[in-house]
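Q: One structure is given below, represented as structure tokens, and several questions about it will come after.
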Amino acid sequence: MTTAEKLAKVKCFLLDMDGTVYLGDELIGDMKNTLNAIRNSGRKVVFLTNNSSKSACAYREKLERIGIFDERDGIYTSGMATTLHISAHFPGKTVYLVGTDALQREFEESGIPLVEENADIVVFAFDTSITYEKIRKTCDMVKAGAYFIATHPDDVCPVPGGSIPDVGAFLELIAKATGGKRPDVICGKPFQAMGVAVSQFLGLKKEELLMAGDRLHTDIMFGVNNGFFSLLVYSGEATREDYAKSGITVDLALDSLNDIVPYL
């Protein structure tokens with residue numbers, strides 16, 4: 001099947017944000033018109049992120065502030081994928097959650113019972129209010145046999161002027177403190193749990209989804225691992241040299257998402 005034939009089947013663009021749509025608060029090129037072209041082609045736009053510290057509402061506020069959110073669009077986070085995974089596979093099980101207040105509200109709204117001790121499941125997410133006590137409880141419950149879920153695997157989270165430790169960095173700490181315990185499931189990109197969740201959320205088949213992003217080992221491998229159309233853009237992290245050395249095969253590679261317009 002040709003690239004054009006594959007692209008013709010796509011009904012939804014899953015878009016990484018930073019490095020793909022914008023850099024910080026600056027849009028990449030003529031992104032407003034590019035997003036409108038995607039929408040006007042009859043395809044849905046869903047902004048997809050591994051960052052579980054913010055709610056979909058918080059992301060919407062940013063996208064509205066920089067002028068690119070449309071009422072037809074969707075937002076999907078690794079936190080949302082995690083709540084769906086738990087609701088689908090562990091209904092009624094208790095959860096000890098390491099995460100922000102915003103993520104805690106999402107879990108509560110999903111009907112997931114949260115506890116502070118003896119949980120069936122431990123969920124470790126990006127938590128900007130992390131404490132030693134939270135880490136201790138996580139290690140104790142994981143060692144005691146709790147099912148262990150991480151929202152995403154990123155080692156660092158980009159911030160203005162650099163980066164800060166993210167979930168992946170803490171997973172190494174937890175492994176060292178628990179005799180090598182690793183998550184039973186990691187929900188975010190590049191793994192399949194989030195792919196299954198977002199497919200169910202949208203009611204679409206894998207061949208009807210396109211994943212566009214600038215990171216080879218998260219965004220692009222997420223598309224590859226889930227059988228989605230994979231679109232690599234060179235507007236953020238990955239370079240052509242990185243792609244050539246990666247051993248990964250994408251469906252399409254472009255300088256930026258703006259270059260998709262002639263293909264629509």
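The values are calculated or read from the model by the stated rules, or taken from the named source; none is laboratory data. Here the structure is a predicted model, which means the values were calculated and not measured. We place every Cβ from the backbone using ideal geometry, glycine too, and count neighbours over all the protein chains shown.
Q: How many of the residues making up segment 55-91 are assigned to a loop (DSSP other than H, G, I, E, B) and surrounded by fewer than 20 Cβ atoms within 10 Å (Cβ to Cβ)?
A: Residues meeting the conditions: 9.
Q: Next question, about the same structure. When you look at ALA119, is it surrounded by 21 or more Cβ atoms within 10 Å (Cβ to Cβ), touching a residue at least 60 places away in the same chain (Cβ under 8 Å), more than 28 Å from PHE229 (Cβ to Cβ) and of a type in the set (Gly, Ala, Ser), yes or no?
A: The answer is no for ALA119.
Q: Is it fair to say ASP16 is buried (at least 16 other Cβ atoms within 10 Å of the Cβ), of a type in the set (D, E, K, R) and under 23 Å from LEU209 (Cβ atoms)?
A: For ASP16, the condition - buried (at least 16 other Cβ atoms within 10 Å of the Cβ), of a type in the set (D, E, K, R) and under 23 Å from LEU209 (Cβ atoms) - is met.
Q: Which residues, taken from segment 149-172, are crowded, with 17+ Cβ neighbours inside 10 Å and more than 20 Å from THR77 (Cβ to Cβ)?
A: Within segment 149-172, none qualify.
Q: Using the structure shown, decide if THR128 is among the hydroxyl-bearing types (Ser, Thr, Tyr), out of contact with any strand residue (DSSP E or B) (no Cβ under 6 Å at 6 or more places or on another chain), closer than 24 Å to PRO190 by Cα and modelled with pLDDT under 95.
A: Judged against the criteria, THR128 is a match.
Q: Could I ask something else about it? With (1) outside any helix (DSSP H, G or I); (2) farther than 24 Å from ILE174 by Cβ as the list, and LEU97 as the residue in question, which single condition is left unmet?
A: All conditions pass for LEU97, except number (2).
Q: Residue by residue through segment 131-173, note down the ones that are among the charged types (D, E, K, R) and over 22 Å from THR94 (Cα atoms).
A: Answer for segment 131-173, where residues must be among the charged types (D, E, K, R) and over 22 Å from THR94 (Cα atoms): ASP154, ASP155, ASP166, GLU172.
Q: Same structure again: Which residue out of THR77, THR94 is in the same structural domain as LYS137 (by TED's automatic domain parsing) and in contact (Cβ under 8 Å) with a residue 24 or more places away in the chain?
A: The unique qualifying residue is THR94.
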